[in-house]
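Down below is the structure, laid out as structure tokens.
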Amino acid sequence: MVMKVIFLFIDGVGMRPPAADNPVNPEVCPTLCRLVNDHSKPIDACLAVEGVPQSATGQATMFTGLNCAAAMGKHCEGFPGPALRQLVAENNLFLQLDRRGKRVKFADGYLVDSADELALHRFKSVTTVMALSLPKSISTADDLARNEAVYQDLTRETIQDRYPDIPVVSPQRAAEHLFALAQGYDFTLYEFFQTDVSGHSMDYDRACSVLRVYDQFLSTLVRHTENAGITLVMTADHGNIENMSERGHTTNEVPFIAVGPKEKELRSRVRSLADVTPAILSVFDEI
């Protein structure tokens, strides 16, 4: 049996009842809300550690299966420090899938010529550390120009001043690029962090604009994955955009969405961010 998984990591989207300051609503992002209502369960992002969840430890936990906030003794924001980078580099989902003989791809196109150039960057996110542990998973600027990668803003509008030869695309076209790319891999990851950036801005209209763009992308991708029998997984590292009255993150649970052949098995095995990697590995191990 051939199984493919596309994992959408959407940064900073928690679960919260409808409110005037919550842009995650059906008028703004109907596809996302439908998936949350019909194909998700709320999972914990606090990890039994005091304080508000943060990106570095939340993402590290999600992509290793280790409670990295507990290991660090606190929630760590921004880019991971040396100890956290080592945990990610040695224990991540990409490496564990590769050891099982699975083909793995990080779909986000980096504006670099090679993995070696990316490794020289001073600041590295958790996903960058994970990708660098498996250099063949990395997508470059050339891949982006060939439509064999997806940029972190989906449309490429933010790079036009530097890369005018890489044309702007619609969110729907970006979804088609991701779907086509995923045909060649068992596991494909795409990270979108503009939701977290807009959440920090406290600008409700900006947040709505970001969510609308993402929802257009998501609607197209879901249609393709459902028709192809691909399992689509989606979750966040912490809450943020669901409460535009606060600049920081929230302690809200985050949605764990799974749509496709393995959706029930995946949802049944995930209760917190620490369960995401073990659940994905388990469904691949069952094949």
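Take the residues in the range 120-136 that are among the hydrophobic types (A, V, I, L, M, F, W, C), surrounded by 15 or more Cβ atoms within 10 Å (Cβ to Cβ) and free of Cβ contacts under 8 Å to residues at least 60 places away in the same chain; name whichever of them is nearest to residue 77 (Cα to Cα). It would help to see each step written out before you state the result.
Just the residues of the range 120-136 that are among the hydrophobic types (A, V, I, L, M, F, W, C), to begin with: 120, 123, 126, 129-132, 134.
Okay, now just the ones that are also surrounded by 15 or more Cβ atoms within 10 Å (Cβ to Cβ), so 126, 129-132, 134.
Subset that is free of Cβ contacts under 8 Å to residues at least 60 places away in the same chain: 129, 131-132, 134.
Details: 129: 15, 131: 19, 132: 20, 134: 24 Å.
Applying the filter and picking the extreme gives 129.
If I ask for residues that are touching a Pro at 6+ places or on another chain (Cβ under 9 Å) and of a type in the set (Ser, Thr, Tyr), which ones from the range 210-234 would you list?
Within the range 210-234, the subset touching a Pro at 6+ places or on another chain (Cβ under 9 Å) is 210-220, 229-231, 234.
Of everything in the range 210-234, those that are touching a Pro at 6+ places or on another chain (Cβ under 9 Å) and of a type in the set (Ser, Thr, Tyr) turn out to be 214, 219, 220, 231.
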Hey, residue 264 hits all of (1) surrounded by fewer than 24 Cβ atoms within 10 Å (Cβ to Cβ); (2) touching a residue at least 40 places away in the same chain (Cβ under 8 Å) but one; which does it fall short on?
(2)
Within the set of pairs 6+ apart or on separate chains, which have a first residue in the range 195-217 that is under 23 Å from residue 34 (Cβ atoms), a second that is surrounded by fewer than 23 Cβ atoms within 10 Å (Cβ to Cβ) and of a type in the set (A, V, I, L, M), and C-beta atoms under 7 Å apart?
208/28; 211/28; 212/28
Got a sec? Which of 93, 84 is in contact with a Gly (Cβ under 9 Å, 6 or more places away or on another chain) and within 29 Å of residue 52 (Cβ to Cβ)?
93
Residues satisfying the stated conditions in the range 137-176, i.e. loosely packed, with under 15 Cβ neighbours inside 10 Å, among the charged types (D, E, K, R) and either free of Cβ contacts under 8 Å to residues at least 24 places away in the same chain or touching a His at 6+ places or on another chain (Cβ under 7 Å) (or both):
146, 157, 161, 165
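Considering the range 73-131 alone, what residues qualify as being farther than 30 Å from residue 168 by Cβ, assigned to a loop (DSSP other than H, G, I, E, B) and basic (Lys, Arg)?
Taking the range 73-131 first, the residues farther than 30 Å from residue 168 by Cβ are 73-77, 80-93, 95-102.
Cutting the leftovers down to assigned to a loop (DSSP other than H, G, I, E, B) gives us 73-77, 80-81, 92, 100-102.
Those that are farther than 30 Å from residue 168 by Cβ, assigned to a loop (DSSP other than H, G, I, E, B) and basic (Lys, Arg): 74, 100, 102.
So how many residues does the range 1-59 have that are charged (D, E, K, R), part of a loop (DSSP other than H, G, I, E, B) and either buried (at least 20 other Cβ atoms within 10 Å of the Cβ) or touching a Lys or Arg at 6+ places or on another chain (Cβ under 6 Å) (or both)? Break it down into steps so the answer makes sense when it comes.
First pass over the range 1-59, keeping only residues charged (D, E, K, R): 4, 11, 16, 21, 27, 34, 38, 41, 44, 50.
Now drop any that are not part of a loop (DSSP other than H, G, I, E, B), which leaves 4, 11, 16, 21, 27, 50.
Filter again for either buried (at least 20 other Cβ atoms within 10 Å of the Cβ) or touching a Lys or Arg at 6+ places or on another chain (Cβ under 6 Å) (or both), leaving 4, 11.
Adding up the residues that qualify gives 2.
Hand me the list of helices (runs of 4 or more DSSP H) wholly inside the range 192-287 holding 2 or more residues that are polar (S, T, N, Q). Can you show your working first?
Details: elements: 194-201, 204-228, 263-268, 276-285.
The helices (runs of 4 or more DSSP H) meeting that bar are 194-201, 204-228, 276-285.
Read-outs throughout are calculated quantities, based only on the coordinates presented, and are distinct from any laboratory measurement. Predicted, not measured: the structure shown is a model, and the values here were computed from it. Note: ideal-geometry Cβ built from the backbone for every residue, glycine included; neighbour counts use all protein chains shown.
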